[in-house]
Amino acid sequence: MKETTAQLQDTLTELISLSLIGKQAHWNLRGPQFLEIHELLDVIVESTRNFYDDVAERAVALGTSVSGQASAVNQSGIKEIPIGFMKDLEAAKEVVNRMGQVITNIRQRMEESGKTDPVTQDLYIEILRTMEKQFWLLRSHTL
């Protein structure tokens with residue numbers, strides 16, 4: 001269970017980081033596709049926040065404390081996006097790149113958790129089901 005809770009902690013900080021990156025892009029968009037991407041980023045951020053709450057609660061249910069503080073999030077390995085205004089499609093690409101990294105990490109954890117903790121695996125499946133669809137929707141703007 002120790003590896004499962006460590007992976008949940010990693011997932012938590014990655015999802016928090018992704019939600020902050022999504023908001024950063026959301027606030028600083030400029031360009032002809034502003035409104036559509038702006039609104040999609042809001043949906044992505046909202047669901048990501050719900051997911052990290054579920055992840056944190058799962059870890060606590062397994063008997064470990066979690067950290068969502070800035071120092072933990074800074075160690076997530078998810079690179080920040082540039083500061084300042086961004087062209088709409090460039091912002092979408094930046095968020096898509098981070099989402100892809102998080103999806104890859106969660107998919108790996110999903111496979112590993114299936115060996116020892118099917119409930120945590122189910123949580124990862126639920127996250128991936130939504131996140132991969134949102135990834136597809138946002139990525140379609142960048143192709």
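Here, each number is a calculation from the coordinates, and none is a lab measurement. The structure displayed is predicted, hence computed values, not measured ones. Neighbour counts are summed over all protein chains in view; Cβ atoms, including those assigned to glycine, are modelled from backbone coordinates with ideal geometry.
Summary of values
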| read-out | value |
| --- | --- |
| Whole-Å semi-axes of region 18-118's equivalent ellipsoid (Cα gyration tensor) | 29, 14, 12 |
| Signed unit charges on C-beta, dipole axis of the chain, positive-most listed residue 66, 141, 47 | 141 |
| √(5λ) per eigenvalue of the Cα gyration tensor, region 43-102, largest first, Å | 27, 14, 9 |
| Neighbourhood charge, 12 Å Cβ-Cβ cut-off, centred on residue 40 and excluding it, Lys, Arg +1 and Asp, Glu -1 | -3 |
| Net lengthening on full extension, residue 136/residue 64 (0.36 nm per residue, minus Cα-Cα) | 22.6 nm |
| Selection from 86, 13, 35 lying farthest towards where the dipole of the chain points positive, charges on Cβ | 86 |
| Proximal lysines relative to residue 23, as straight alpha-carbon distance under 26 Å, when same-chain residues fewer than 8 apart are discounted | 79, 87, 93, 133 |
| Qualifying aspartates and glutamates (Cα of each under 20 Å from Cα of residue 2; at least 8 residues distant if same chain) | 10, 14, 53, 54, 57, 111, 112, 117, 122 |
